[in-house]
1. Among A31, A205, A79, which one moves the most in a GNM of the chain with springs linking Cα atoms closer than 10 Å?
2. Let me check something: with ligands and nucleic acids excluded, how do T209, T214 order by accessible area (1.4 Å probe), largest to smallest?
3. Run the simple label-point estimate for V163 and Y282 please: 7 Å along Cα→C-beta, distance reported in nm.
4. At 7 Å along Cα-to-Cβ for each site, give me the label-to-label distance between A205 and R18 in nm.
5. Within the chain, which complete DSSP H helices have Cα atoms spanning at least 18 Å along the helix axis and a mean Kyte-Doolittle hydropathy of -1.0 or higher?
6. Ignoring ligands, DNA and RNA, how do D164, D264, D45, D240 rank by accessible area with a 1.4 Å probe, largest first?
7. Please label the shape of the stretch 151-296 as rounded, prolate or oblate, based on the square roots a ≥ b ≥ c of the eigenvalues of the alpha-carbon gyration tensor (a/c under 1.5 means rounded; beyond that, a/b larger than b/c means prolate, else oblate).
8. Give me the accessible area of S232, 1.4 Å probe, in Å² rounded to the nearest 10.
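The values are calculated or read from the model by the stated rules, or taken from the named source; none is laboratory data. Bear in mind that the values here come from a model prediction, so they are computed numbers and not experimental data. Cβ atoms come from the backbone with ideal geometry, glycine included; neighbour counts cover every protein chain shown. Keep in mind that these areas ignore ligands, DNA and RNA; they rest on the heavy atoms of the full protein, side chains included. Shrake-Rupley method; radii C 1.70, N 1.55, O 1.52, S 1.80 Å.
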Amino acid sequence: MSNDSMSVLYDAPGPRARRITLISSILAALAAAAGLYFLVYRPLDERGQFSMERWGPLIDPGNEVFGQVWTQLGQGFQATLTAAALAIVSSLAFGTLLAVLRVQLKSLMRRRFDSLPAPVALAVRALSWLLNGVTRFFVEVFRGLPVVITIFFCASGLPVLGVDLGDILWYLVLGLTIYNGVVIGEILRSGMEGLPGGQREAADAIGLTSFQATRMILLPQAFRIMLPALISQLVVVLKDTSLGFIISYEEVLRKSSFIIQVLDNPIQVYVVVGVIYIAVNYLLSKLAEYTQRRLAKGRRSARKSKPATTGGESGTVQETEAVAGTAT
């Protein structure tokens, strides 16, 4: 973009405006620092919240209860990570199946079934419309419900209905799977439906069925395109495991409440737990960035090594064949 076009969009600040901006920024930073000091630091310091008596059990290995505190926190984080791992795997599997089902049902709704007898074709189309309505209703209900209600219903409602899963862990995993699986399913469905229509047409041209086109061409690309949103949702799964305390699951938040009852230091315990959560989620976000870079690098390498093609339709077909071969 040229300098002339940039000047049309906005005026570059002059020396006086830059000085005013700099002075305002400094004054705002000083005001924020003063507010933190007088409204946060001093009240906490006057109440002894920075003393080693409160922080020692968490940061001083020489403290007599340091080992017991971190043993309890370690058990809580182990339970948290166990529930998160199971919920992530099951949510991805359930969400993928739901996305493929919804895409296939929409594909069936558009077909005429001319090769079938008229009554059978009508019945198949009616069944497709019915199943599509059921799945859409299921998605809208559980996507609209708060996840805490889903978890509480699984833990309290299923036993009343005669469904006993045994360990309380599985009720938490089931509640997280239903909610996050629906969200992941919608992410993948939107990713597949947002792909160019020529890809599906090219898949039809080389003789792939609708399910094969979805499985080998559309779904792999949807995973790659929607990877940032998927990783963000998996981070949400990890954080939502903290809701297990409402059904008495011994995750880290519940373990922390036991420690607080004994030591009476809620601020210190929650700060430490929050820092650990932030560190884990930060590592997950970096893993997502690394995975996305690797996928983008692999795609660029594949484009460079792919021979040039002539003709729009033949090029689309050959590209689809290449994607299908890579997916399989």
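1. A31
2. Sorted descending by solvent-accessible area, the residues read T209, T214.
3. My value for the distance between the label points is 4.0 nm.
4. Here the modelled spin labels are 5.6 nm apart.
5. Taking the DSSP H segments of the chain (at least 18 Å long, mean hydropathy at least -1.0), we get 15-36, 66-110, 118-144, 147-160, 168-193, 227-240, 266-305, 312-327.
6. D164, D264, D45, D240
7. Numbers: a/c = 4.57, a/b = 1.77, b/c = 2.58.
Taking the square roots of the gyration eigenvalues as a ≥ b ≥ c, the stretch 151-296 is oblate.
8. So the heavy atoms of S232 present about 70 Å² to solvent.
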